[in-house]
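Participant: Got a structure here, written out as structure tokens. Questions coming.
What follows draws every value from the coordinates through simple rules; no lab data is involved. All values derive from a computational prediction rather than experimental measurement. All Cβ positions, glycine included, derive from the backbone under ideal geometry; neighbour counts span all protein chains shown.
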Amino acid sequence: MIQLKNKSQIAIMREAGRITGEALLLAGEAIKPGVSTKHLDDIIRHHIERSGAVPSFLGYAGFPASACISVNNQVIHGIPSKNTILTEGDIVKIDVGACYKGYHGDSAKTFPVGKISRQASELVRITEECFYLGIEQIKPDARIGDIGHAVEAHAVGAGFGVVKKYVGHGVGQHLHESPDVPNYGTPGRGARICVGMTIAVEPMICIGSGDVTELSDGWTVITAEGGLSAHYEHTVALTENGVELLTKVD
Ligand code: MG
Ligand code: MG
């Protein structure tokens with residue numbers, strides 16, 4: 001069942017979203033060649049905890065860190081490690097969640113490490129554009145399929161693949177709630193969008209087919225053909241005033 005939020009619930013989610021967005025921004029500012037993904041995770045955990053919130057991912061289904069940090073062909077759910085050192089030309093995806101007063105924020109972004117290839121930069125740009133085209137569809141009485149269709153059309157039109165095995169989702173008192181928000185779909189199909197909905201829209205776009213496989217660590221998802229992958233996510237609320245990006249702080 002889709003849990004709609006009232007104004008006071010969305011006000012709390014705005015705080016959870018702000019803390020989430022700030023943590024992502026701070027980690028992004030620390031990215032440079034030579035930095036470990038564990039260092040970025042430490043920054044995120046510290047910011048969330050000093051803000052009076054709790055890292056949503058830490059311990060979620062046994063996940064061992066506060067952020068998922070995935071490099072290059074890793075799509076999502078990468079485990080931060082002191083042994084994973086960023087190198088010039090990498091793209092790094094940081095996915096963060098913070099829980100404040102019982103409500104979650106969820107946001108991800110793909111960052112360049114130093115100078116990246118033209119193709120990598122195009123992938124990152126198109127993925128962000130997919131997100132914004134997706135959320136343009138969010139209005140009362142639109143359907144969840146409208147979002148996915150817009151995302152997929154833009155990615156495929158640019159020659160990239162859409163990861164279909166993992167999807168966006170409702171977010172609120174649980175990190176993952178109904179409805180699923182796939183990055184593909186048919187216009188006019190799927191759950192009806194209405195005021196009070198809070199969802200994480202999160203295109204995962206890659207070079208190649210979009211097929212993925214999981215590493216033996218039980219978490220890290222990589223592209224099946226080894227192509228680069230990008231991810232962009234915000235927690236989005238539809239209020240009486242329109243669409244609001246709860247996790248956007250920059
Ligand atoms: Mg996320
Ligand atoms: Mg999410």
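Participant: Round to the nearest 0.05 the FRET efficiency obtained for residue 115 and residue 243 when R0 = 35 Å and r is the Cβ-Cβ distance. List each step's numbers first, then the result.
Facilitator: Working: r = 34 Å, r/R0 = 0.97.
With a Förster radius of 35 Å, E is 0.55.
Participant: Work from the charge dipole of the chain (Cβ charges, +1 for Lys and Arg, -1 for Asp and Glu, about the Cα centre) and give the residue of 72, 13, 149 farthest towards its positive end.
Facilitator: Of the candidates, 13 comes out farthest on the positive side.
Participant: Tell me the GluC sites (Glu not before Pro) within the stretch 103-205 that lie in a loop according to DSSP and have at most 11 other beta-carbon atoms within 10 Å.
Facilitator: none
Participant: Indicate the gyration tensor shape class of the stretch 131-248 (rounded, prolate or oblate), computed on the Cα atoms with a ≥ b ≥ c the square roots of the eigenvalues: a/c under 1.5 is rounded; otherwise a/b larger than b/c is prolate and the rest oblate.
Facilitator: prolate
Participant: Let me ask something else. For the chain, with a Gaussian network of springs between Cα atoms less than 10 Å apart, report the residue from 73, 83, 183 with the top mean-square fluctuation.
Facilitator: 83
Participant: Same structure, new question: Among 236-242, 10-16, how do they line up by average Cβ neighbours within 10 Å per residue, starting with the highest?
Facilitator: Packing proxy ranking, top to bottom: 10-16, 236-242.
Participant: About the Cα centre, and with charges only on the beta carbon of Lys, Arg (+1) and Asp, Glu (-1), how big is the dipole of the chain? Nearest 20 debye, please.
Facilitator: 320
Participant: Say the dipole of the chain comes from +1 at the beta carbon of Lys and Arg and -1 at that of Asp and Glu; which of 220, 97, 4 then lies farthest toward its positive end?
Facilitator: After comparing all options, I get 4.
Participant: Next question. So if each residue of separation counts as 0.36 nm, and I subtract the Cα-Cα distance between residue 85 and residue 192, what length gain in nm does that give?
Facilitator: 34.2 nm
Participant: Need one word for the chain: rounded, prolate or oblate. Basis is the Cα gyration tensor (sqrt eigenvalues a ≥ b ≥ c); a/c below 1.5 gives rounded, then a/b vs b/c decides.
Facilitator: oblate
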